[in-house]
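See below for the structure under consideration.
The values are calculated or read from the model by the stated rules, or taken from the named source; none is laboratory data. What you see is a predicted model, and the numbers here were worked out from it, not measured in a lab. Here the Cβ is made from the backbone with ideal geometry for all residues, glycine too, and neighbour counts use every protein chain on show. For the accessible areas, the whole protein counts, side chains as well, though only heavy atoms, and no ligand, DNA or RNA atoms are used. Shrake-Rupley method; radii C 1.70, N 1.55, O 1.52, S 1.80 Å.
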Amino acid sequence: MGDGVERDVTIYEVGPRDGLQNEKSIVPLADKAEFIRRLVAAGLPVVEATSFVHPSWVPQLADAAELIELLGQDGRRHPVLVPNERGLDRALELGCEHIAIFGSATETFAQRNLNRSLDEQFSMFEPTVARARAAGLDVRAYVSMCFGDPWEGAVPVDQVVTVGKRLLDLGASQLSLGDTIGVGTTGQVGALLDAFNAAGLPDEVLAVHFHDTYGQALANAYAAWQHGIRTFDASAGGLGGCPYAESATGNLATEDLVWMFRGLGVETGVDLDALVRISTWMAGILGRPSPSRVVTALG
Ligand code: HMG
Ligand code: MG
């Protein structure tokens, strides 16, 4: 952060990565860089920029290296997704300071998203995190399919906690709990957070990452806030999804989250009007309106 703004919560913006990875059209490189710069200027303290995954798996983000270079010195402080040592090499070459690994709580999604079994994913992450930490990088870990999986149905809480704890224990500083397909509801959010707390992971090391498929993302964020979570992933304009998860739709819109916190008197440090202008501009580039109700109301 380091921008001198007082914040009660941290919004971890994933629009340029989770949002643009799922778009049919490839956003021009210069517009991606401008998107990130504008989000930072609007007061977002963390903006995940892109992914160093296999370019044929996510062609939308194949220009990851060019994007970080184009952002210059500032590019290095934006977190980037890294699945393996090859991705880490690419991030290290550019001087990236924050990476995020992304594991799956289910067997099927591990295979579909990472081409690895549930167990094999750890053999891929372990040396990646060890080398990243040795090089002084900060590592975030995501765990996907925390509530439901399109192939396996409901995911047992114990399974999510076991995978999540294992990922964090590799040497990550934060674990983001992903409702990849947006099926979770408030009671389940509380139960999962309680289970993580009981396993020795306090709310301080946890973040929540909601997708809005069933319109529950904002309610789930509120439940997590009431529980004690203070880091929330969200995507400007509600962009988002996962190309390897059927039925994954947009993330929780950052505007919806900022509007809720503003009403609660919880400081996010984000300029909502500026953010709405950014999402409206990006919607023009993508050729479709933002699904966020707040963007529609204020735009
Ligand atoms: P693989 O095919 O098993 O890779 O894919 P491999 O290890 O067998 O390597 C095959 C070739 O790929 C090799 O090249 C490697 O060098 C190259 P060759 O020797 O044949 O010439 N390669 C790479 N090249 C560039 N960058 C790399 C890389 N890795 C290998 N990083 C892999 C395994 C993990 C790479 C692949 O499955 C992959 O890229 N998956 C990424 C899928 C993805 O990005 N999904 C979306 C993000 S997850 C998400 O959205 C969920 C989240 O938002 C949270 C939530 O909502 O729940 C985070
Ligand atoms: Mg996601």
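So if each residue of separation counts as 0.36 nm, and I subtract the Cα-Cα distance between Ser117 and Asp169, what length gain in nm does that give?
So the chain would gain 16.8 nm between Ser117 and Asp169.
Within the chain, the percentage of alpha carbon pairs spaced more than 26 angstrom apart rounds to 38%.
For segment 13-50, trypsin sites (Lys or Arg not before Pro) are listed when DSSP marks them as loop and at most 10 other Cβ atoms sit within 10 Å of their Cβ; the list is Lys24. The stretch between Asp31 and Trp281, if pulled fully straight at 0.36 nm per residue, gains 89.0 nm over its current Cα-Cα span.
Under the combined filter of DSSP loop state and at most 16 neighbouring Cβ atoms within 10 Å, segment 92-158 retains these chymotrypsin sites (Phe, Trp or Tyr not before Pro): Trp151.
Annotation: extensible slack from Asp194 through Glu85 equals 35.9 nm (criterion: 0.36 nm per residue apart, minus Cα-Cα distance).
Altogether, the Stokes-Einstein calculation at 25 °C and 0.890 mPa s, with the Kirkwood radius of segment 218-285 over Cα pairs as Rh, returns a diffusion coefficient of 189 µm²/s. When a 1.4 Å probe is rolled over the protein heavy atoms, the share of accessible surface on segment 75-123 that falls to carbon and sulfur comes to 38 percent.
Dividing the summed -39500 (n - 2.57) terms of all DSSP H runs of n ≥ 4 by the residue count of the chain sets its mean residue ellipticity at 222 nm at -12500 deg cm²/dmol. Nonpolar atom fraction for segment 219-279, defined as the carbon and sulfur part of the 1.4 Å probe accessible area, stands at 49 percent.
Taking 7 Å steps out from each Cα toward its Cβ at Arg288 and Glu204 produces label points 4.2 nm apart. Our coupling estimate for segment 172-182, obtained by passing each phi through the Karplus curve with A = 6.51, B = -1.76, C = 1.60 and θ = phi - 60°, is 7, 9, 8, 10, 9, 8, x, 9, 3, 10, x Hz, Gly and Pro reported as x.
At a probe radius of 1.4 angstrom, the accessible area of the chain per residue rounds to 39 square angstrom.
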